[in-house]
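Take a look at the structure below.
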Amino acid sequence: MAASEHTVLQFTPSSASLSARVHPLVVFNICDCYVRRPDQAERVIGTLLGSISSDGTVEIRNSYAVPHNESSDQVALDIEYHHNMLVSHQKVNPKEVIVGWYSTGLGVTGGSALIHEFYSREVPNPVHLTVDTGFRNGQGIIKAYVSFNLSLGDRQLAAQFQEIPLDLRMIEAERVGFDILKTTMVDKLPNDLEGMEASMERLLALIDDVYKYVDNVVEGRVAPDNSIGRFISECVSSLPKLGPAAFDKLVNNSLQDNLLLLYLSSITRTQLVLAEKLNTAAQIL
């Protein structure tokens, strides 16, 4: 009896292990493009620029929007605009290449497969980044996807998007701006002193958490973790050995420098306003 032949339905992963790291500048740029979008546009799409490290981590450093028209069954991209923007960016940052594309909204939509197919011709294994510009519940949902091919034998049927690990790393100044961006309404933007105050409050809260963890380990309430212990030891050893008096002097000198800069900028702004008013008065006379 002849053995029956079976056609295998399988997924072909486009990468064995892949992760992404996005810089906050990309998130700010995407949100700005979403605010400036045309009235009839429901979402914004664009190109992601960056680099790929040897361990498979995609570093997303920059982006630009691409004009498009989208309907239920087709998507039209301005390919010439896309290529012109790419050439302009690479004149400034020649090391940045296309690593994928982004879209605003929650998750993957119906037209995403068509757009992803275009970017697959631009770069192998592109990353699809989605940004929820609505910031629902005060949370900016940012996810990254890659495409996996669904094939029937030698015939490719469709593509499936699978989420990959995404890391959003920010320095403290960028985190203050990102927290403000997540707030739907603010009375005013914080100045340098208010931003420093918020950073210090967050730092004190983190130090308090470390104190509680160390006390719990010493008292035997929590099992010790060697990796956390080494991390705390490295953080403590990296701090400069300064006495209280020297530390206060250093902080006061830095604070005085910031106040002086604020004073000089205020004087400059006042002079510009006076010059503008005098120029306007002279033109009237």
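The values are calculated or read from the model by the stated rules, or taken from the named source; none is laboratory data. None of the values given here were measured: they were computed from a predicted structure. All Cβ positions, even for glycine, are placed from backbone atoms using ideal geometry, and neighbour counts span all protein chains on display. Note: areas computed on protein heavy atoms with side chains; ligands, DNA, RNA excluded. Shrake-Rupley method; radii C 1.70, N 1.55, O 1.52, S 1.80 Å.
In this Cβ point-charge picture (+1 for Lys and Arg, -1 for Asp and Glu), the stretch 190-240 has a dipole of about 280 debye about its Cα centre. For the stretch 190-240, a Kirkwood radius taken over Cα pairs fed into Stokes-Einstein (25 °C, viscosity 0.890 mPa s) yields D = 194 µm²/s.
List the trypsin sites (Lys or Arg not before Pro) within the stretch 207-244 that DSSP assigns to loop and that have no more than 11 neighbouring Cβ atoms inside 10 Å. Sparse-neighbourhood loop trypsin sites (Lys or Arg not before Pro): Arg221, Lys241.
Filter the GluC sites (Glu not before Pro) in the stretch 39-89 to those in DSSP coil with at most 10 other Cβ atoms within 10 Å of their Cβ, and list the result. Provide the component values of the computation, followed by the final result.
Values: sites: Glu42, Glu59, Glu70, Glu80; in loops: Glu42.
Listed in order of number, the matching sites are Glu42.
Computed with every protein chain present, the accessible area of Ser238 is close to 80 Å² [probe 1.4 Å].
DSSP loop (so not H, G, I, E, B), at most 13 other Cβ within 10 Å: list which trypsin sites (Lys or Arg not before Pro) in the stretch 43-98 pass both filters.
Working: sites: Arg43, Arg61, Lys91, Lys95; in loops: Arg43, Lys95.
Those satisfying the criteria are Lys95.
Ordering Val236, Val210 by accessible surface, largest first, gives Val236, Val210; the 1.4 Å probe counts only protein heavy atoms, with every chain in place. At the residue level, Met200 shows approximately 100 square angstrom of accessible surface with a 1.4 angstrom probe and all protein chains present.
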